[in-house]
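Student: Mind having a look at this structure? Questions to follow.
Rule-based calculations on the coordinates, nothing more; no lab input. Remember, predicted model here, so these are calculated numbers, not experimental data. Here the Cβ positions follow ideal geometry from the backbone for every residue, glycine too, while neighbour counts run over all protein chains shown.
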There are 2 protein chains.
Amino acid sequence: MSVPSIASDTDIDVQSAMTELGERARAAAQAMARASTDAKNAALRAAAAVIRANSADILAANAQDVAAAKQRGVKGSFLDRLMLDDKRIESMAKGLEDVAALADPVGDVLGEWDRPNGLKISRIRVPLGVIGIIYESRPNVTADAGGLCLKSGNAAILRGGTESALTSRAIHTALVEGLKAAGLPEAAIQMVPTQDRAAVGVMLRMVDYIDVIVPRGGRGLIERVQQESQIQVLAHLEGLCHVYVDRGADLDMARQITFNAKMRRTGICGATETLLIDKAVVNTHLEPIIDDLIKAGCEVRGDEAAQAIDDRVVPADDADWDTEFLDAIIAVKVVDGVDGAIDHIAHHNSRHTESIVTEDSATAERFLNEVDSVIVMHNASTQFADGGEFGMGAEIGISTGKLHSPGPVGVEQLTTFKYVVRGTGQTRP
Amino acid sequence: MSVPSIASDTDIDVQSAMTELGERARAAAQAMARASTDAKNAALRAAAAVIRANSADILAANAQDVAAAKQRGVKGSFLDRLMLDDKRIESMAKGLEDVAALADPVGDVLGEWDRPNGLKISRIRVPLGVIGIIYESRPNVTADAGGLCLKSGNAAILRGGTESALTSRAIHTALVEGLKAAGLPEAAIQMVPTQDRAAVGVMLRMVDYIDVIVPRGGRGLIERVQQESQIQVLAHLEGLCHVYVDRGADLDMARQITFNAKMRRTGICGATETLLIDKAVVNTHLEPIIDDLIKAGCEVRGDEAAQAIDDRVVPADDADWDTEFLDAIIAVKVVDGVDGAIDHIAHHNSRHTESIVTEDSATAERFLNEVDSVIVMHNASTQFADGGEFGMGAEIGISTGKLHSPGPVGVEQLTTFKYVVRGTGQTRP
C-alpha cells in the first residue's frame with residue numbers, strides 16, 4: 001500500500017473508501033496488538049528520524065497550508081496553531097522518541113486472583129483496537145496521536161482539519177516510513193483520504209471497524225461527534241477552568257497562581273477562564289490580583305462587586321461565566337466563601353480543572369471533595385493540568401467524561417483489559 | 001416526595017416530568033456521593049427488611065402483571081423472567097444484604113505520587129453521579145440495580161419494562177423506605193413515572209441530568225439505546241459465547257464443559273450458543289458431545305461436516321452462527337484447528353465469553369491472547385461469566401464495550417475517579 005493521496009471530493013466514493021480503510025485498520029490492529037515492544041519503539045524512533053530528515057518537505061507543505069488559510073482570511077490563534085517551524089518539528093520528533101521511552105502498557109497484569117473452585121482469574125491490559133481521531137488545525141496532532149496509538153498497540157484512523165491537510169499528510173508519510181522500517185503494518189496509522197465532510201459522518205457510524213472515537217478540538221466538533229457517533233467517544237471537552245481565592249488565601253500566592261493560571265499560555269485547555277474571589281477578602285486581595293493581569297494586557301470582566309473595587313474592570317455579561325475565552329480575558333465574580341465558589345462551579349464548569357487558593361486545610365478539603373471535576377487542585381496553577389506535568393508522558397488530551405479514564409489520556413489510557421480465566425475442567429453447579 | 005405514581009400516558013407532560021426527575025436525581029447524587037458507608041448499608045438492609053415484610057404486596061402486584069401479560073399472549077422464558085415467588089423475593093432481599101456486605105469503593109485511593117516540583121497527585125475513586133438504567137421484563141433488576149447504585153454512591157433513575165411495571169413499583173417502594181430509614185434522600189432511587197415510550201427518548205437526551213446510561217435487555221433495546229443516546233452508554237450486550245474443542249482436548253472434559261456451558265441455564269448471557277470442534281478430533285469427540293446434548297433435549301444444528309458425523313444433527317443456516325438462541329439449541333461447526341476457531345470467533349462473537357478446551361497449553365495461550373472478547377477461558381464453562389463467580393459480588397450485567405470497564409459491572413465498576421493535586425503555591429514555568 002502506498003500512502004493514500006488526498007483525492008478531490010468528486011472522484012471518490014466516500015463510503016467505500018472508508019470501508020476499505022476500516023478493513024485495513026482492523027487487520028492492522030490485530031497485528032499491532034501482538035507487536036513486540038521493541039518493534040513499536042523502533043517504529044517510533046524511525047518515524048522521528050524521518051520527520052527530522054524530511055523537515056524541509058514538511059515545512060514546504062505547511063507553507064502551502066498557511067498560504068491557503070491566509071487567503072481565506074484565517075488569522076490569530078488559529079493560524080498560530082497551524083504554523084510549523086524548525087522548533088515545532090523538532091518537538092514533534094522528540095515527542096515520538098519520548099513515547100518510545102515510555103513503558104509499554106500492553107500485557108500488564110492488572111490483577112490476579114484464585115477462586116475457591118480453583119479457577120485462576122487475571123485481568124490483562126490489551127489495546128483498544130482501532131481508534132478514530134478527529135482533530136482540527138494543529139498538524140502536530142498527526143504525530144502525537146499516531147505515536148500514542150502506535151505505542152499502545154492500536155491502529156489509528158486520523159482525520160485532521162482541512163486547513164492542515166498537506167502538512168498532516170507530510171507528517172503521516174514519516175509515520176508510515178517508521179512503521180515500514182520496523183516491519184509493522186503500514187495501515188496501523190492511516191489518514192482519511194478525503195477532506196469531504198461526509199467522511200466524518202461515515203467514520204462515526206463505522207461500528208464494525210472503529211472501537212473508540214477521540215475528538216480533539218473546539219466545542220462544535222466535540223458536540224457534533226457526541227451527537228452523531230454510534231461508536232463510544234472518549235471526549236476531550238473544553239476547559240472552563242476556575243481559580244477560587246478563599247478568605248484563607250495568602251495574597252502573594254493568590255497573585256502568582258491566578259496570574260500563571262490565566263496568562264502563562266491563554267490558548268490551552270488548562271488555562272483559567274474565571275476567577276472566583278471570596279467576598280471576605282475582596283477589599284484586600286482583588287485589586288493586586290487584577291493589577292498584575294491588567295498590566296500584562298489581560299481584559300478583566302467582572303460582576304458589579306468586582307467593578308466596585310477597580311474601575312478598570314469592565315462589566316461581565318451572563319455568557320462570560322460559560323465562555324472558554326482561550327485569550328487574555330478573565331471573568332471575575334465575587335462569591336460568598338467556599339460554598340458560593342462550589343455552587344458557581346457546579347453550574348458553570350466543564351469538569352476539567354478547578355483550583356482553590358487557601359491556607360485553611362479544612363476549606364481546601366471541602367473544595368477538593370465537593371467540586372465535580374476531573375482534576376481538583378489546592379494551591380496550584382490550573383496550567384498543571386497536563387499528562388506530562390502529571391508524570392504520565394505524552395497525552396492525546398484531557399478526557400472530561402465520567403467513563404473509562406477521566407483526565408490526561410496517554411498510552412495507558414488508550415488501552416482496555418480483558419479477563420483471562422484458567423481452569424482444569426470446572427463446570428458451574 | 002411520595003413514591004411517584006404511574007400516570008397514564010395522556011395526563012403527563014413527559015418532558016417536564018423527566019426534567020423534574022433529573023433535577024431531583026442530580027441533587028440526590030450530590031448527597032449520595034458524601035453519604036457514609038454506614039448510612040448506605042443501613043439503607044440496603046432496611047430495604048431488604050421491607051421487601052420481606054411487603055412480600056404479599058409485591059406478589060399481589062406481580063400477579064396482576066403476570067395476568068396482564070398472559071392476556072396479551074406472553075409465554076415461555078419471557079413470562080418466566082417476569083414471575084416472582086417467595087424464593088425470588090427472598091433472593092432479592094438477600095441480594096441487597098450481600099451488597100451491604102461488600103466493601104465501599106468510594107474514596108479509595110487508586111494511586112498517589114509526588115512530582116519533582118513538590119505537587120502531590122492522587123487518584124481518588126468517586127461515584128459516577130446519576131445512572132439511568134433501562135431494562136425489560138425482570139422486575140428483580142429494580143432491586144439489584146437500585147442496590148448497586150446506592151452502594152456505589154450514585155443516584156439511579158430506573159426505567160423498567162411495561163410488563164413488570166406494577167411489580168417494579170412495589171419493589172421500588174421498599175427501596176425508598178430503606179433510604180428514608182437511613183436518612184438518605186428518597187430521590188436517590190427514582191422510577192420513571194410513566195411507561196410512555198417517549199420517556200426513554202427523553203431520558204437518552206438528558207445530558208445535564210444523567211451521567212451514564214446502562215441498558216439491560218435484548219439486542220433491540222441495546223441497539224436503540226446505543227443509537228439514540230447522547231449520554232455515555234455502559235452496554236451489556238448479548239452473549240454469543242463459543243466453546244472450542246481443540247485436537248488437544250480431553251474428551252470427558254470437553255463433554256462436561258460443553259454440556260454445562262450450553263445446558264446448565266440456557267437463558268443467561270454466559271450460555272454457549274456455538275460449539276466449534278477441531279476437524280482433527282471430529283470423528284472421536286463430536287458424537288459423544290452431541291449425544292449428551294440431544295439426550296437432554298437440545299437441538300443441534302450443524303454444518304455439513306457435523307451432519308456427516310451424526311444424522312440427528314439438523315442443518316444450520318447462515319443466521320445460526322450469529323444467533324443468541326437463549327434456548328436449548330446449539331450451532332456446531334467443524335473448524336481447522338485453533339486458527340479456524342479464532343477466525344470464526346472474530347467474525348461472529350459478541351465479545352462476551354469464549355472458552356477453549358485443550359490440554360495443549362501453547363494452543364490455549366494463543367486462543368487466550370488472540371480472541372478479542374471481554375472474558376476468555378481455558379478448560380472452564382462459559383457459564384462462569386458472572387460477577388458473583390468472579391468474586392466481585394453482585395453485578396448489573398456484563399459490559400462488552402471496550403471503554404471504562406469490560407466484564408462484570410459491580411459496585412466498583414459503577415464508580416469513576418478524579419485527580420486531586422495538592423500544592424504549596426506552585427506555578428507552571
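Student: Between copies, how close do the B:R115 label points come, placed 7 Å along Cα→Cβ, listed in nm from shortest?
Tutor: So the distances to the same position in the other copies read 4.3 nm.
Student: What lysines sit close enough to A:K120 to cross-link, taking a C-alpha to C-alpha distance under 16 Å and skipping anything fewer than 8 places away on the same chain?
Tutor: Leaving aside lysines fewer than 8 places away in the same chain, those within reach of A:K120 are A:K418.
Student: So what's the angle, to the nearest 10 degrees on a 0 to 90 scale, between helix B:55-71 and the longest Cα principal axis of chain B?
Tutor: 60
Student: So, counting K/R as plus one and D/E as minus one, what does the shell of residues with Cβ under 13 Å around A:G248 add up to?
Tutor: In short, -4.
Student: Just for chain B, what percent of DSSP beta bridges are antiparallel, to the closest 5?
Tutor: 25
Student: Hey, could you grab the Kirkwood Rh for chain A? Inverse mean 1/r over distinct alpha carbon pairs, Å, one decimal.
Tutor: About 23.3 Å for chain A.
Student: Which lysines have a Cα less than 24 Å from the Cα of B:K333, not counting those fewer than 8 places away in the same chain?
Tutor: By straight Cα distance, B:K333 reaches B:K262, B:K279, B:K295.
Student: Counting only Cβ atoms, what residue of chain B lies nearest to the axis that sends chain B onto chain A, and how many whole Å off?
Tutor: Smallest Cβ distance to the axis, with its residue: B:H404, 2.
Student: Let me ask something additional. Measure nothing fancy, just the Cα-based angle from helix B:282-295's long axis to the longest principal axis of chain B, in degrees from 0 to 90, nearest 10.
Tutor: In chain B, helix B:282-295 runs at an angle near 60 degrees to the longest axis.
Student: Put the label 7 Å from Cα along Cα→Cβ for A:T19; what are its distances to the other copies, in nanometres, shortest first?
Tutor: Those separations, rounded to one decimal, come out as 4.4 nm.
Student: Run a plain Debye calculation on the range B:207-257 (Cα atoms as equal point scatterers, no solvent) and give log10 I(q)/I(0) at q = 0.13, 0.14, 0.24, 0.25 Å⁻¹, rounded to two decimals, same order as the q list.
Tutor: Those come out to -0.51, -0.54, -0.86, -0.91, one per q.
Student: Here's something else I'd like to know. State, in angstrom, two size descriptors of the range A:241-384 derived from its alpha carbons: Rg to one decimal place and Dmax to the nearest whole number.
Tutor: For the range A:241-384, the Cα-based Rg and Dmax read 13.1, 36 Å.
Student: List the equivalent ellipsoid semi-axes of the range A:11-51 in whole Å, largest first, each obtained as the square root of 5λ for an eigenvalue λ of the Cα gyration tensor.
Tutor: Semi-axes (√(5λ), whole Å): 28, 16, 4.
Student: Would you mind checking the tilt of helix A:86-101 against the longest principal axis of the Cα atoms of chain A, expressed as 0 to 90 degrees and rounded to 10?
Tutor: With both axes taken from Cα atoms, the answer is about 70 degrees.
Student: State the answer as a single residue: which of A:A362, A:T424, A:I210 lies farthest towards the positive end of the charge dipole of chain A, with beta carbon charges of +1 for Lys and Arg and -1 for Asp and Glu, about the Cα centre.
Tutor: A:T424
Student: Can you give the Rg/Rh ratio of the range B:355-429, where Rg is from the C-alpha atoms and Rh is the Kirkwood radius?
Tutor: 1.23
Student: Can you compute the charge dipole magnitude of the range B:241-384 about its Cα centre, using +1 on each Lys and Arg Cβ and -1 on each Asp and Glu Cβ, nothing else charged? Give it in debye, rounded to the nearest 20.
Tutor: Numbers: 12 positive and 28 negative charges, 102 e Å.
My answer is approximately 480 debye.
Student: Stokes-Einstein diffusion coefficient for the range B:154-233 at 10 °C in a medium of 1.306 mPa s, Rh from the Kirkwood formula over Cα pairs: what value in µm²/s?
Tutor: Answer from the Stokes-Einstein relation: 117 µm²/s.
Student: What FRET efficiency do you get for A:I294 and A:S16 if R0 is 60 Å and r is their Cβ-Cβ distance, rounded to the nearest 0.05?
Tutor: Using R0 = 60 Å, I get an efficiency of 0.55.
Student: Further question: Can you give me the orientation-averaged projected area of the convex hull built on the Cα atoms of the range B:1-125, in nm²?
Tutor: Directional mean of the projected Cα hull area for the range B:1-125 stands at 12.8 nm².
Student: Related question: Restricting things to alpha carbons, find the Rg to Rh ratio for the protein assembly as shown using the Kirkwood radius for Rh.
Tutor: Over the Cα atoms of the protein assembly as shown, Rg/Rh equals 0.99.
Student: Under the convention of a label 7 Å out along Cα→Cβ, give the distances in nm from B:I294 to the same position in every other copy, shortest first.
Tutor: Those separations, rounded to one decimal, come out as 9.2 nm.
Student: Taking the Cα centre of the range B:214-293 as origin and charging only Cβ (+1 Lys, Arg; -1 Asp, Glu), how large is the dipole, in debye to the nearest 20?
Tutor: I would put it at about 300 debye.
Student: Within 12 Å, Cβ to Cβ, of B:G147, how many net charges do the neighbouring residues add up to if Lys/Arg are +1 and Asp/Glu are -1?
Tutor: Summing Lys and Arg as +1 and Asp and Glu as -1 gives 0.
Student: Here's something else I'd like to know. Positive end of the dipole of the range B:22-176, charges at C-beta (+1 Lys, Arg; -1 Asp, Glu), about the Cα centre: which of B:I131, B:S36, B:T167 has its Cα farthest in that direction?
Tutor: B:I131
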